[in-house]
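Worksheet: one structure, shown below.
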Amino acid sequence: MGTTASQLGKDMLSEYQELTFLTKQEILLAHKRFTELLTKDEKDLPNNRVPMERILTLPELKSNPFRKRICNVFSTSEYKDGGLTFEDFLDLLSAFSDSATLEIKSHYAFRIFDFDDDGTLDCGDLEKLVNCLTGETDDTRLTPEEMRQLINNILEESDIDKDGTVNLSEFQHVISRSPDFVSSFKIVL
Amino acid sequence: MGGRRGSRQHPRLVNCRTIQRQNHARELVKEADLSQWDALVIMSGDGLLYEVINGLLDRPDWEEAVRTPLGILPGGSGNALAASIHHYSGAPPVFSEELLLSCGFLLCQRLVTRMDLVSVHLSSSPRLFSFLSLAWGFVADVDIESEKYRHAGAARFTIGTLVRLASLRVYRGTLSYLPVAEEEEDNPPLHHQAPPSRDPPCQNSFHNSCHSNNSLKVRKAESTPSRSTTKAPSGPLDSLLLPLDQPLPVDWVVVPEEDFVLVLAMYQSNLAEDLLASPDSTPDDGFIQLFYVTGGISRAALLKLFLAMEKGLHLASSCQHLVHAKVRALRLEPSSPKGVITVDGEVVEYGPLQAEVHRGLARLITG
């Protein structure tokens, strides 16, 4: 079902409330902020997909080290370009909201960290994860030895079946014991 | 837990007690007849030794009791002291079963060294004694997480740590310390009584109005009986500390920065089996090695610092945000409403604290 930019009908509002973890106010605010990202011509069209570059101008995403992966995970675009419709945007905010459960958050965190989208976190994914955190300029990234040391530590701690990768349940197992994870994994407009 | 006195060539392990709950060890040690035993050996984590030390210092005969040689065999989730003892032997680092074996051998050599203890004053808890570390900020938080899911010998870094690095925060507060004077470096004064001319040294708790918001389980210090005139307080006098509401003496240094990522005070070499946070520490050097990281450090730099710390190489790094000082006493006054402070890896009351080192107060079997 579509939503034009100019209004958010009462029925749609109720439906979104039921389908997401967001409150009515949060949905209305999301609608307002999403609409601000549209050009004048786009505003009258239904089902707009906002390109990723524009989504990333939002201050709440701009400095998030995983912003591109977040857009890619929530995008339903057939071109895999990270562009978001309003409903994609709501799904994103819902997963990162205060009320989303640990299971939802850890599920999405896993997908975000799974850079090659193959269902497990292998060394390549972990390396990209670390590089997102450190930045990729020469003076900030880890040396190959430091990277190896860190990835070994992570696998030592999280890879329970010792197959060299971290699967979803191993990930959720480790994350569930981290008291800070839920509060770190949050985006609120 | 002890070897009966008798022939020194053939100590006999006679009394083995199993600890059932928190403070059980402390109570046992407080009431025990120590004249019968050569040593107390703890097979557990640092938490149990913490209880034993505080139990010994809570006795009327504390001055002699605290000289009871203490040994440790790593068996719990916090094995920093065992790892430190192994480090002092000069051997390369080992973990879990190998560490246990190494500590067993060292214990059998029965060589005893003096061990520094640090007295810690919190807002409203009774004074306590620490043998390992004090931490505030990122390190204190990581302590708590790791204890929950690490298996013996596992490393500290997990995806959880990286996630927290993603939302790195600063902790606000004031840090001050009494630096070690240069001429004292090689000959720090041994634990001694307070000189009479000073202001009354503080020995018990102070009043403070700081609120604690955290809901983490806090170690309950043994409640002291009401301070009647008949009970003499036990333990050494803290000659270097003044009550919190009094300004610091002029020879103290006040750190100009107010935003910290972490503050760590160490008096043994290891913060954990795999974190050689203070490679130059020895058990009886009479110093507190104070480390702090100021706000503004990048995630990359902090990550590199922790990786270097695993091997004890962080001091060689050129990180401008990391500061290291040798001190004899310190005062920390956090102003962030939320936060965590750990003593020997265990959460304590959040709020202002002061600490002073007592050189060589206890005895440790190091081999």
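The values are calculated or read from the model by the stated rules, or taken from the named source; none is laboratory data. Note that the structure is a prediction, hence the values are computed from the model and not measured. Backbone-built Cβ (ideal geometry, glycine too); neighbour counts: all protein chains shown.
For the structure I just gave you, tell me whether A:VAL188 is within 24 Å of A:THR20 (Cα to Cα), exposed (fewer than 14 other Cβ atoms within 10 Å of the Cβ), within 14 Å of chain B (Cβ to nearest Cβ) and not charged (D, E, K, R).
yes
Just the residues that are in contact with a helix residue (DSSP H, G or I) (Cβ under 6 Å, 6 or more places away or on another chain) and of a type in the set (A, V, I, L, M), please, taken from region B:241-270.
Passing the criteria: B:VAL261, B:LEU262, B:LEU264.
If A:GLY82 satisfies all but one of (1) assigned to a helix (DSSP H, G or I); (2) touching a Ser or Thr at 6+ places or on another chain (Cβ under 9 Å); (3) more than 8 Å from chain B (Cβ to nearest Cβ), what's the number of the condition it fails?
Here A:GLY82 meets the rest and fails (1).
Checking the conditions here, which among A:GLU127, A:GLU157 is surrounded by 15 or more Cβ atoms within 10 Å (Cβ to Cβ), assigned to a helix (DSSP H, G or I), within 11 Å of chain B (Cβ to nearest Cβ) and over 16 Å from the mean Cα position of the chain (by Cα)?
Going through A:GLU127, A:GLU157 in turn, just one is surrounded by 15 or more Cβ atoms within 10 Å (Cβ to Cβ), assigned to a helix (DSSP H, G or I), within 11 Å of chain B (Cβ to nearest Cβ) and over 16 Å from the mean Cα position of the chain (by Cα): A:GLU157.
Just the residues that are loosely packed, with under 14 Cβ neighbours inside 10 Å and in contact with a Gly (Cβ under 6 Å, 6 or more places away or on another chain), please, taken from region A:23-78.
A:PRO46, A:ASN47
Being among the small types (Gly, Ala, Ser) and closer than 29 Å to B:THR113 by Cα narrows it down to one of B:SER298, B:SER317, B:SER281, B:SER336, so name that one.
B:SER281
Looking at region A:133-147 only, could you name the residues that are part of a loop (DSSP other than H, G, I, E, B) and surrounded by fewer than 14 Cβ atoms within 10 Å (Cβ to Cβ)?
Correct list: A:GLU136, A:THR137, A:ASP138, A:ASP139, A:THR143.
Within region B:53-67, restricting attention to residues that are in a helix (DSSP H, G or I) and touching a strand residue (DSSP E or B) at 6+ places or on another chain (Cβ under 6 Å), which residue is surrounded by the fewest Cβ atoms within 10 Å (Cβ to Cβ)?
B:ASN54
Would you pick out the residues in region A:160-178 that are surrounded by fewer than 17 Cβ atoms within 10 Å (Cβ to Cβ) and within 7 Å of another protein chain (Cβ to nearest Cβ)?
A:ARG177 - this is the single residue of region A:160-178 that is surrounded by fewer than 17 Cβ atoms within 10 Å (Cβ to Cβ) and within 7 Å of another protein chain (Cβ to nearest Cβ).
If A:LEU93 passes every condition in (1) buried (at least 20 other Cβ atoms within 10 Å of the Cβ); (2) at pLDDT below 95 but one, which one does it miss?
Every condition holds for A:LEU93 apart from (2).
Do any strands (runs of 3 or more DSSP E) entirely within region B:247-360 hold 2 or more residues that are hydroxyl-bearing (Ser, Thr, Tyr), without any contact (Cβ under 8 Å) to a residue 60 or more places away in the chain and at negative phi, and if so, which?
none
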